[in-house]
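S.K.: Structure in C-alpha cells, see below.
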Amino acid sequence: MSNTDLLITTLKRVLKSRGKTYGELAEALHLSEASVKRLFSDKTFTLQRLDDICQWLELDFFELARIARGESMAVTEMTVDQEQILANDLQLLGIFYLVRNNWQLGDIVRDYDITEPECIRLLIKLDRAGLIELLPDNRIRLRVSRQVKHQAYGPIRLQHGEMMTNNFLGVRFDEHGGYFEFVGGDLSPASALIIQRKLDRLAAEFHELSALDINLPTQDRTLYGLAFGIRPWNTAEEMCGLKRRTSRAKSSS
C-alpha cells in the first residue's frame with residue numbers, strides 16, 4: 001500500500017471511529033456529499049484540504065501520519081523470549097504496559113510508587129529486550145505496536161493468564177465505571193463465525209479510538225480493558241450439572 005493510500009485509509013477509519021459521516025464532512029468543507037466521496041475515491045486531496053479535514057476532526061496532521069505509520073510498520077507480536085522477560089518480572093510487565101500506552105517517565109513516577117532511578121533501571125531492561133528505545137532525556141519510543149499481541153500460549157498467558165482473568169472479572173463492573181453482559185444461546189457454525197468477525201471489528205475500533213486518544217495528557221484518560229470471547233457453552237451442563245445421555249435408547253419397532 002502506498003503512503004497516500006495508507007493516509008486516506010487511516011483517515012476513513014478515523015472518520016468512522018469518530019462517528020462522522022461524509023455528509024457532515026461535506027457541510028464542514030462547504031462541498032456536496034458527492035464531491036467529498038469523489039475526493040476519497042479518486043484520492044485527489046490537496047495538502048490544504050487534508051489539513052482542513054484534520055482540523056475539523058481536531059486531529060493534528062502529523063498525528064494522522066503517526067497513526068498510519070504505526071499501523072503499517074510496527075511489530076504486532078512479541079517474541080517468546082521477550083514475553084518470558086516480562087513474565088518473569090511483574091513490575092517490569094507493569095511498566096511496559098504503561099509505556100505501551102504512551103506514559104513517559106515523569107508520568108509514571110508522578111502517579112506510581114516507584115523512584116525515578118528504579119523506573120529508569122526497568123526502562124533499560126525494556127530497551128535491552130528490544131521492546132522500547134530509551135532516548136536522550138529518558139524519553140521513550142516503542143519498538144512494537146501499541147496493540148502488540150501476546151503469544152496465544154506464550155509465557156505471559158501461561159504464567160499469569162488465570163490471575164489476569166480472575167482480577168478482571170472478579171469485580172462488579174458497574175461499580176468501576178464499566179459494563180458487563182453475558183449472553184448465551186444456540187448458534188449455527190455460520191452464525192458463530194459472523195459473531196467472531198464482529199468481535200474482530202470491535203477490537204479494531206477500540207484500537208483506533210485508543211490511538212486517537214493516546215496523546216492526551218495521562219490525567220485526561222483512563223486505562224481500560226476490553227475482554228470478549230465466544231466458544232461453545234451450555235449453562236445447563238457447565239453450571240447446573242445436567243448430564244447428557246451418552247446414547248439414546250432405540251425406539252421399539
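Rule-based calculations on the coordinates, nothing more; no lab input. All figures in this text were calculated on a predicted structure; none of them were measured in a lab. Methodologically, a virtual Cβ is constructed for each residue, glycine included, from the backbone with ideal geometry; neighbour enumeration extends over all protein chains shown.
S.K.: Compute the distance in nm between two label points, each set 7 Å from the Cα along the Cα-to-Cβ direction, one at residue 194 and one at residue 216.
M.R.: Label-label distance for residue 194 and residue 216, simple model: 3.4 nm.
S.K.: Another question, then. Ranking 63, 83, 237 by Cβ neighbours within 10 Å, fewest first, what do you get?
M.R.: 237, 63, 83
S.K.: Of 232, 155, 117, which has the largest mean-square fluctuation in a 10 Å C-alpha GNM of the chain?
M.R.: Highest fluctuation of the listed residues: 232.
S.K.: Excluding residues fewer than 8 places away in the same chain, name every one of the lysines whose C-alpha is closer than 24 Å to that of residue 37.
M.R.: Answer for residue 37, where 24 Å is the Cα cut-off: 12, 16, 20, listed by chain and number.
S.K.: What does the convex hull of the Cα atoms of region 171-253 come to per residue, in Å³, rounded to a whole number?
M.R.: Taking only Cα atoms, region 171-253 has a hull volume of 129 Å³ per residue.
S.K.: If I model a spin label at residue 56 and residue 201 as a point 7 Å from the Cα along the Cα→Cβ vector, what separation in nanometres do I get?
M.R.: Result: 2.4 nm between the two label points.
S.K.: So what's the net charge close to residue 44: Lys and Arg +1, Asp and Glu -1, counting the other residues with Cβ under 12 Å from its Cβ?
M.R.: +3
S.K.: Something else about it: Under 18 Å from the Cα of residue 43, which aspartates and glutamates turn up, not counting those fewer than eight places away in the same chain?
M.R.: Filter leaves 5, 33, 51, 52.
S.K.: Related question: Where does the charge balance sit around residue 209 when Lys and Arg score +1, Asp and Glu -1, over other residues with C-beta under 11 Å from its C-beta?
M.R.: +1
S.K.: For region 105-193, which chymotrypsin sites (Phe, Trp or Tyr not before Pro) are both in a DSSP coil and crowded by at most 16 other Cβ atoms within 10 Å?
M.R.: Filter output for region 105-193: 112, 153, 179, 180, 182.
S.K.: As a footprinting exposure proxy, order 76, 222, 10 by other Cβ within 10 Å, with the fewest listed first.
M.R.: Sorted ascending by nearby Cβ count, the order is 222, 76, 10.
S.K.: Here is a further query. Which FRET efficiency value, to the nearest 0.05, do you get for residue 121 and residue 48 by plugging their Cβ-Cβ distance into 1/(1 + (r/R0)^6) with R0 = 30 Å?
M.R.: Computed FRET efficiency for residue 121 and residue 48 comes out at 0.05.
S.K.: Hey, another quick one. Each label point is 7 Å from the Cα along the Cα-to-Cβ direction; what then is the distance between the points at residue 153 and residue 76, in nm?
M.R.: Simple spin-label model gives 2.2 nm for this pair.
S.K.: Provide the per-residue ³J(HN,Hα) series for region 224-240, in order, calculated from phi with Karplus coefficients 6.51, -1.76, 1.60 and θ = phi - 60°, each as a whole number of Hz, with x at glycine and proline positions.
M.R.: Once θ is set to phi - 60°, the couplings for region 224-240 become 10, x, 10, 10, 8, x, 9, 7, x, 8, 10, 4, 4, 8, 5, 10, 9 Hz.
S.K.: Net charge within 11 Å of residue 106 by Cβ-Cβ distance, Lys/Arg positive one each and Asp/Glu negative one each, not counting residue 106 itself?
M.R.: Summing Lys/Arg as +1 and Asp/Glu as -1 gives -2.
S.K.: Let me ask something additional. Suppose the chain between residue 163 and residue 135 were pulled fully straight at 0.36 nm per residue; how much longer would it get relative to their current alpha carbon spacing?
M.R.: 6.7 nm
S.K.: Then there is this: Please rank 35, 2, 145, fewest neighbouring Cβ atoms within 10 Å first, as an exposure proxy.
M.R.: With the fewest neighbours first, 35, 2, 145 line up as 2, 35, 145.
S.K.: Expressed as a fraction of 2.2 N^0.38 Å, the rule-of-thumb size for a compact globular protein of N residues, what is the C-alpha radius of gyration of region 111-224?
M.R.: 1.39
S.K.: FRET efficiency for residue 21 and residue 173, Cβ-Cβ distance as r, R0 = 41 Å, nearest 0.05?
M.R.: FRET efficiency, residue 21 to residue 173: 0.85.
S.K.: Return the ratio Rg/(2.2 N^0.38 Å) for region 3-73, where Rg is computed over Cα atoms only.
M.R.: Relative to the 2.2 N^0.38 Å estimate, region 3-73 comes out at 1.03.
S.K.: Something else now. Could you work out the Rg to Rh ratio of the chain, with Rh taken as the Kirkwood radius (inverse of the mean 1/r over all Cα pairs)?
M.R.: That ratio equals 1.06.
S.K.: What's the FRET efficiency of residue 35 with residue 111 using the Cβ-Cβ distance as r and R₀ = 41 Å, to the nearest 0.05?
M.R.: 0.30
S.K.: Still on this structure, I have one more. What list of ³J(HN,Hα) values in whole Hz, one per residue of region 155-171 in order, does the Karplus curve 6.51 cos²θ - 1.76 cosθ + 1.60 (θ = phi - 60°) give from phi, with Gly and Pro shown as x?
M.R.: Couplings: x, 5, 5, 5, 8, 10, x, 5, 4, 4, 5, 5, 5, 6, 8, x, 9 Hz.
S.K.: With 13 Å as the cut-off, how large is the P(r) tail for region 75-148, expressed as percent of Cα-Cα pairs?
M.R.: Cα-Cα pairs of region 75-148 separated by over 13 Å account for 63 percent.
S.K.: Given an 8 Å cut-off on Cα distances and at least 6 residues of separation, report the relative contact order of the chain as a percent.
M.R.: 18 percent.
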